[in-house]
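Chemist: First, the structure itself, so that you have it in front of you.
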Amino acid sequence: MQKLQSQCNVEAKHLLSVIHNLGEVDESKINPAGLLYLPHKYVVPGGRFNEMYGWDSYFIIRGLLRDNRVDLAQGMVENFFFEIEHYGAVLNANRTYYLTRSQPPFLTSMILDVYDAKKEAGQEDRAWLENAYGYAVRDHNLWTREPHLAGFDRPVAIF
């Protein structure tokens, strides 16, 4: 933590508690509000931002892959895995006041895009894909249980 504080000229603090699910913590009790740690480099959606947004990152990752920046794109996807593991979900953005919100579920598309790009480059990584699958399931479960059933009382199968 000391290295992070000196390198980035920030004050680093631990969260009040471990977070398992989206909305489990009252973000208003985190004072001051701040940027949540992510282990990998990421691209932000514009000049005034310094956080990684879920929705925007899908399009950023597509651009990075088109520019052959596969490692940076993969790191951003792995940041979402970190969010699921440590903050309970893919967050709206990595800020404390977003610990109760997510964005539309694009994680599986991002995973597949990175996997396909690596495969196309001759670096197919099935172990990474297998690891990603567990996070994809956790993300999917968020969107298929209350309160995110989009008005359905029970899951619907469409054939």
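Chemist: Hey, in the GNM for the chain with a 10 angstrom Cα cutoff, which one of Val90, Val18, Val70 fluctuates hardest?
Modeler: Val18
Chemist: Let me ask another. With a 1.4 Å probe and all protein chains left in place, how much of the accessible area of the chain comes from carbon and sulfur atoms, in whole percent?
Modeler: Details: 5150 of 10240 Å².
Answer for the chain is 50 percent, counting heavy atoms of protein chains only.
Chemist: What does the helix-only formula give at 222 nm for the chain: each DSSP H stretch with n ≥ 4 adding -39500 (n - 2.57), the total divided by the residues, and the result rounded to the nearest 500 deg cm²/dmol? It would help to have the intermediate numbers written out before the result.
Modeler: Values: 5 runs with 70 residues, N = 159.
Only helices count here, giving -14000 deg cm²/dmol.
Chemist: Continuing with this model, one more query. Taking the Cα centre as origin and putting +1 on Lys and Arg beta-carbons and -1 on Asp and Glu beta-carbons, what dipole magnitude results for the stretch 1-113, to the nearest 20 debye? Don't jump to the answer; show the numbers that get you there.
Modeler: Values: 10 positive and 12 negative charges, 54 e Å.
Computed charge dipole of the stretch 1-113: roughly 260 debye.
Chemist: Let me check I've understood the local charge: for Ala33, count other residues with C-beta under 14 angstrom from its C-beta, Lys and Arg +1, Asp and Glu -1. What total comes out? All intermediate terms of the calculation are to be shown ahead of the outcome.
Modeler: Values: positive: Lys13, Lys29, Arg95, Arg101; negative: Glu11, Asp26, Glu27, Glu51.
Residues close to Ala33 contribute a combined charge of 0.
Chemist: If you build a Gaussian network model of the chain, linking Cα atoms that sit under 10 Å apart, which residue out of Gln103, Gln74, Gln123 swings the most?
Modeler: Highest fluctuation of the listed residues: Gln123.
Chemist: Net charge near Phe59: determine it from the other residues with C-beta under 12 Å of the C-beta of Phe59, scoring Lys and Arg +1 and Asp and Glu -1. Please list the in-between numbers first.
Modeler: Working: positive: Arg62, Arg66; negative: Asp56, Asp113.
Net charge around Phe59: 0.
Chemist: Given the convex hull of the Cα atoms of the chain, what is a quarter of its surface area in nm²?
Modeler: Details: hull surface 46.4 nm².
Projected over every direction and averaged, the Cα hull of the chain covers 11.6 nm².
Chemist: Please work out the Cα convex hull volume for the stretch 38-99 and give it in Å³ per residue.
Modeler: Working: hull volume 4.5 nm³, N = 62.
About 72 Å³ per residue, rounded to a whole number.
Chemist: Quick one: order Glu83, Glu124, Glu146, Glu78 from most to least accessible surface, probe 1.4 Å. Intermediate values should be presented prior to the final figure.
Modeler: On the way: Glu83 0, Glu124 90, Glu146 125, Glu78 45 Å².
Reading off the accessible areas and sorting them downward yields Glu146, Glu124, Glu78, Glu83.
The values are calculated or read from the model by the stated rules, or taken from the named source; none is laboratory data. This structure is a prediction, so every number in the text was calculated from the model and none was measured. Here the Cβ is made from the backbone with ideal geometry for all residues, glycine too, and neighbour counts use every protein chain on show. Heads up: the accessible areas ignore ligands, DNA and RNA and are worked out on the full protein's heavy atoms, side chains in. Shrake-Rupley method; radii C 1.70, N 1.55, O 1.52, S 1.80 Å.
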